[in-house]
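Everything on this sheet refers to the single structure shown next.
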Amino acid sequence: MKSWTGNEIGLFDINFDTGECYWSFELRRMLGVRHDVPAEFYLLLQRVHPDDRRAFCRSAMQPFRADCPRRSSIEFRVVYDDGRVQWLHTERRAIVREEESKDVVRIVGFALEIGAPARLPHAA
């Protein structure tokens, strides 16, 4: 059983058609990002622990592959400016253009702060 360290759920929404990227206030707090900074992938990647970046990137690139799973989860560490480290668990859903299509047009999901996971970070 995972231990949840916070009560908040951070939300994200990435629209590949429009280029819009949304991070909720709670997600920004979990990532240590100010509310007035644009939600951008390179900023997120800078926050991911160096040892978790490969698995994180593998998961983040799934929507650009024809075999992208409709649902996915990953656990990774975030490193804050002051050196603190926090584990996050994210769940995401890929939304395709049409039911039988493999063309992912949007990713929506949530993140939770967790204690150390039972296993190493993974992309489902």
Would you point out which residue out of PRO117, PRO63, PRO121, PRO38 is open to solvent by less than 20 Å² (accessible area, probe 1.4 Å), modelled with pLDDT under 95 and either part of a helix (DSSP H, G or I) or closer than 18 Å to GLY10 by Cβ (or both)?
PRO63
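Quick grid of which residues meet (1) out of contact with any Cys (no Cβ under 9 Å at 6 or more places or on another chain); (2) without any contact (Cβ under 8 Å) to a residue 60 or more places away in the chain:
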| residue | (1), (2) |
| --- | --- |
| LEU11 | yes, no |
| ILE14 | no, no |
| GLY19 | yes, yes |
| MET30 | yes, no |
| ALA66 | yes, yes |
For SER73, all conditions in the list (1) in contact with an Asp or Glu (Cβ under 9 Å, 6 or more places away or on another chain); (2) over 16 Å from GLN86 (Cβ atoms); (3) open to solvent by 30 Å² or more (accessible area, probe 1.4 Å) hold save one; what is the number of the exception?
(3)
Subset tally (residues that are in a strand (DSSP E or B), open to solvent by less than 30 Å² (accessible area, probe 1.4 Å) and not aliphatic (A, V, I, L, M)) for segment 76-90:
3
Test VAL105 against the stated conditions and say whether it is modelled with pLDDT of 90 or more, farther than 22 Å from GLU8 by Cβ and not polar (S, T, N, Q).
yes
Odd one out for VAL33, checked against (1) open to solvent by less than 20 Å² (accessible area, probe 1.4 Å); (2) among the hydrophobic types (A, V, I, L, M, F, W, C); (3) not in a loop (DSSP other than H, G, I, E, B)
(3)
For the list (1) hydroxyl-bearing (Ser, Thr, Tyr); (2) over 14 Å from the mean Cα position of the chain (by Cα); (3) modelled with pLDDT of 95 or more, I need the number of the one condition that TYR22 fails.
(2)
Pick from ILE107, ILE95: which is more than 14 Å from LEU27 (Cα to Cα) and in contact with a helix residue (DSSP H, G or I) (Cβ under 7 Å, 6 or more places away or on another chain)?
ILE107
Given (1) touching a Lys or Arg at 6+ places or on another chain (Cβ under 6 Å); (2) open to solvent by 50 Å² or more (accessible area, probe 1.4 Å); (3) farther than 26 Å from ALA116 by Cα, index of the condition ARG93 fails:
(3)
Answer from PHE110, PHE56 - the residue that is part of a strand (DSSP E or B) and of a type in the set (A, V, I, L, M, F, W, C)
PHE110
Answer yes or no as to whether GLY10 is under 18 Å from GLU113 (Cα atoms), open to solvent by less than 80 Å² (accessible area, probe 1.4 Å), of a type in the set (Gly, Ala, Ser) and touching a Ser or Thr at 6+ places or on another chain (Cβ under 6 Å).
yes
Can you name the condition, by its number, that GLU8 falls short on among (1) outside any strand (DSSP E or B); (2) out of contact with any helix residue (DSSP H, G or I) (no Cβ under 6 Å at 6 or more places or on another chain)?
(2)
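The values are calculated or read from the model by the stated rules, or taken from the named source; none is laboratory data. None of these values were measured; they are calculated from a predicted model. Neighbour counts are summed over all protein chains in view; Cβ atoms, including those assigned to glycine, are modelled from backbone coordinates with ideal geometry. Just so you know, the surface numbers come from the protein's heavy atoms only, side chains and all, with ligands and any DNA or RNA stripped out. Shrake-Rupley method; radii C 1.70, N 1.55, O 1.52, S 1.80 Å.
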